[in-house]
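Here the structure is laid out as structure tokens; the discussion comes afterwards.
The values are calculated or read from the model by the stated rules, or taken from the named source; none is laboratory data. These figures come from a predicted structure and were not determined experimentally. Cβ placement follows ideal geometry from the backbone for every residue including glycine, while neighbour counts extend to all protein chains displayed.
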Amino acid sequence: MNIFTRCAVIITLATSTGAMAASINDRQDNQQTRIKQGVHSGELTKREAGHLSRQQIKTQRKEAYFKSDGSFTKKERAILHRDLSKNSAKIYKQKHDGQQRF
């Protein structure tokens, strides 16, 4: 490989790693916004919102733990994405369960 190709590969890998981390943060922000919107619209009770927010905090703590050793592996990223997908499904389920705040 010539030097130009090597540089291109390095830049691509560095950018994709940053994009993956950003997508985790974007998903967390999006989910927190969905919870707040659900409370505001009455789709979520305060108790449901509290439970969902605690799940978000657990995911954030897990992310901090994974990053604490200085590396953030693909396996750790996959675990966080799995947790975020589960959290998203829980938010959807709670927002559409028919309970309303009065």
Cβ contacts < 8 Å: first residue modelled with pLDDT of 95 or more, restricted to the stretch 52-69; second residue outside any helix (DSSP H, G or I) and not basic (Lys, Arg), any location; separation 6+ or different chain. Result? Leu52/Leu44; Phe66/Phe72; Phe66/Thr73
Which of the residues belonging to the stretch 47-77 are part of a helix (DSSP H, G or I) and among the polar types (S, T, N, Q)? Ser53, Gln55, Gln56, Thr59, Gln60
Step by step: first the residues of the stretch 9-44, then only those that are at pLDDT below 90 and surrounded by 12 or more Cβ atoms within 10 Å (Cβ to Cβ), then the one that is nearest to Gln60 (Cα to Cα). Which residue is that? Ala21
